[in-house]
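Data block below; observations after.
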Amino acid sequence: MNHPRIVVLGAGIVGASIAYHLARQGAEVTVLEQSSPGSGVTAHSFAWINPLGEFPAAARPLRTQALADYRRLEQELPDLQINWSGALCYHPDDVPSADDQQPGLARQWLDQDRIGQLEPNLRQPPERARFAPGEGSLDPLAVTDCLLEGARRHGARILLQTAALELQVQGQDPVRVITSTGVHQADHVVLATGCGTPALLAPLGIELPVQPSPSILLRLDAPPGLVKTLVSNDLLEIREASDGSLLAAEDYIDAQGPQGPQAIAEQALASIRQSFRGAESVTLRSVEVGQRPMPVDQLPVIGPCHTHPRLYLAVMHAGVTLAPTVGRLICQELLQARQCAELAPCRPDRFGH
Ligand SMILES: Cc1cc2nc3c(=O)[nH]c(=O)nc-3n(C[C@H](O)[C@H](O)[C@H](O)COP(=O)(O)OP(=O)(O)OC[C@H]3O[C@@H](n4cnc5c(N)ncnc54)[C@H](O)[C@@H]3O)c2cc1C
């Protein structure tokens, strides 16, 4: 199968990256997206390329390749923009670890003076913080568009407003994808449909334990240059966006009331004003809730379905961080029939599928 026909369902950042890598290697790729590119959770992402964040240890070999893969994509796709601002993290339980010395991921421990130089508007720089100079962030919609454009240049067809309604699989026959606009046949179907994946698999008797996990993205109008790096502490994750506004991410507890998104946004605004000099004029532009596709064990679900091997799943949290690496590895698995060791802990068959 030199040029297999591959349908990628979903044009979030994960599906876009998979489509790009496959098309670049000569596969005949069709992307089917029910709405517009990035219109799922990708649009609401804080989009920190965060290879050493909190995650199950088994995901480490995947995440630690993210920075190198984004650097590679920058070379391949000159329009792809990443803000390599570095990330400044301070949490009370932080201690130096072997990770600080990982080649290509090195993090430095900074004292208060140095922190103050990096973030001169911080009213009370902590006594020490970890700084990861090689980390950065991106505009998730712009990067999704850029990957899709790259896929298109390599011959991929991108069909928007096209919802996959049903997957018909029979033995070794090509898969039939019944959509709102017609039927597509494929040698492989990659499901990069985020929170929409369990509903597509359920009629096949596959119960995928992936739940929507809500998280809040705040957009704030602020004086330019207020926050220089990406700052992560117990109160906030905050950075400047490409249009000069500020983005902040917050956990989300209830749909409304004192733990609801609006109340949490107002608390976050108060702590931004308190934390940064010159932040008195910061105002909330919007409060968005994004539903992260969260596997029950928080590990990505990547690989062929045991029962229907022509269906290949690609559902994960921290999809912005993982997208370029996952795209590259899935391409190797589908086009070169390789089994990538990094993906071994992510297989769907851990759930019996
Ligand atoms: C507030 C917030 C902050 C975050 N911060 C970070 C971060 O700092 N770093 C990080 O790595 N990650 C972060 N994430 C998580 C990250 O945004 C997601 O993991 C990532 O965007 C998932 O991308 P995806 O392409 O898998 O999913 P999605 O973007 O949801 O894409 C799935 C696509 O599939 C389409 N689709 C669904 N069903 C069908 C169907 N039947 N037919 C056709 N199309 C269909 C949808 O329309 C959608 O476009 C954050 C998320 C939130 C909400």
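A few remarks follow.
- Positions within region 177-192 being farther than 13 Å from Leu167 by Cα and buried (at least 24 other Cβ atoms within 10 Å of the Cβ), in sequence order: Ala192
- So Leu299, is it closer than 15 Å to Pro348 by Cβ and either buried (at least 23 other Cβ atoms within 10 Å of the Cβ) or away from the ligand (no atom under 15 Å from the Cβ) (or both): no
- Test: Gln291 is away from the ligand (no atom under 15 Å from the Cβ) and on the phi < 0 side of the Ramachandran plot: no
- Residue match in region 112-120 (condition: of a type in the set (A, V, I, L, M), at pLDDT below 95, away from the ligand (no atom under 12 Å from the Cβ) and surrounded by fewer than 20 Cβ atoms within 10 Å (Cβ to Cβ)): no
- Meets criteria (assigned to a strand (DSSP E or B) and either within 24 Å of Thr321 (Cα to Cα) or assigned by TED's automatic domain parsing to the domain that holds Arg273 (or both)) for Arg130: yes
- Residue match in region 331-347 (condition: within 16 Å of the ligand (Cβ to nearest atom), in the same structural domain as Ala23 (by TED's automatic domain parsing) and in contact with a strand residue (DSSP E or B) (Cβ under 6 Å, 6 or more places away or on another chain)): yes
- Some residue of region 91-106 being β-branched (Val, Ile, Thr) and surrounded by 16 or more Cβ atoms within 10 Å (Cβ to Cβ): no
- Restricted to region 1-30, and to residues there that are hydrophobic (A, V, I, L, M, F, W, C) and part of a helix (DSSP H, G or I), the residue that is farthest from the ligand (Cβ to nearest atom) is Ala23.
- Residues located in region 31-46, provided they are of a type outside the set (Gly, Ala, Ser) and in a helix (DSSP H, G or I): Val41, Thr42, His44
To keep it simple, each residue is scored yes or no on (1) part of a strand (DSSP E or B); (2) within 12 Å of the ligand (Cβ to nearest atom).
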{"site": "Arg152", "(1), (2)": "no, no"}
{"site": "Leu167", "(1), (2)": "yes, yes"}
{"site": "Thr197", "(1), (2)": "no, yes"}
{"site": "Leu200", "(1), (2)": "no, yes"}
{"site": "Ser215", "(1), (2)": "yes, yes"}
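- Only one of the listed residues (Ala341, Ala314) is in contact with a helix residue (DSSP H, G or I) (Cβ under 9 Å, 6 or more places away or on another chain) and under 21 Å from Asp145 (Cα atoms). That residue is Ala314.
- Residues of region 43-56 that are near the ligand (Cβ under 8 Å from one of its atoms), within 20 Å of Glu76 (Cβ to Cβ) and either modelled with pLDDT under 95 or of a type in the set (Val, Ile, Thr) (or both): Ile49 alone.
- Of all residue pairs spaced 6 or more apart or on separate chains, those with beta-carbon atoms under 8 Å, a first member in region 37-55 that is among the hydroxyl-bearing types (Ser, Thr, Tyr) and a second member that is outside any loop (DSSP other than H, G, I, E, B) and more than 7 Å from the ligand (Cβ to nearest atom) are Thr42/Leu141; Thr42/Thr144.
- Lone qualifier among Leu220, Leu204, Leu226 - being assigned by TED's automatic domain parsing to the domain that holds Val315, more than 12 Å from the ligand (Cβ to nearest atom) and touching a strand residue (DSSP E or B) at 6+ places or on another chain (Cβ under 8 Å): Leu204
The values are calculated or read from the model by the stated rules, or taken from the named source; none is laboratory data. Predicted, not measured: the structure shown is a model, and the values here were computed from it. Reconstructed Cβ throughout: ideal geometry from the backbone, glycine too, with neighbour counts over all protein chains shown.
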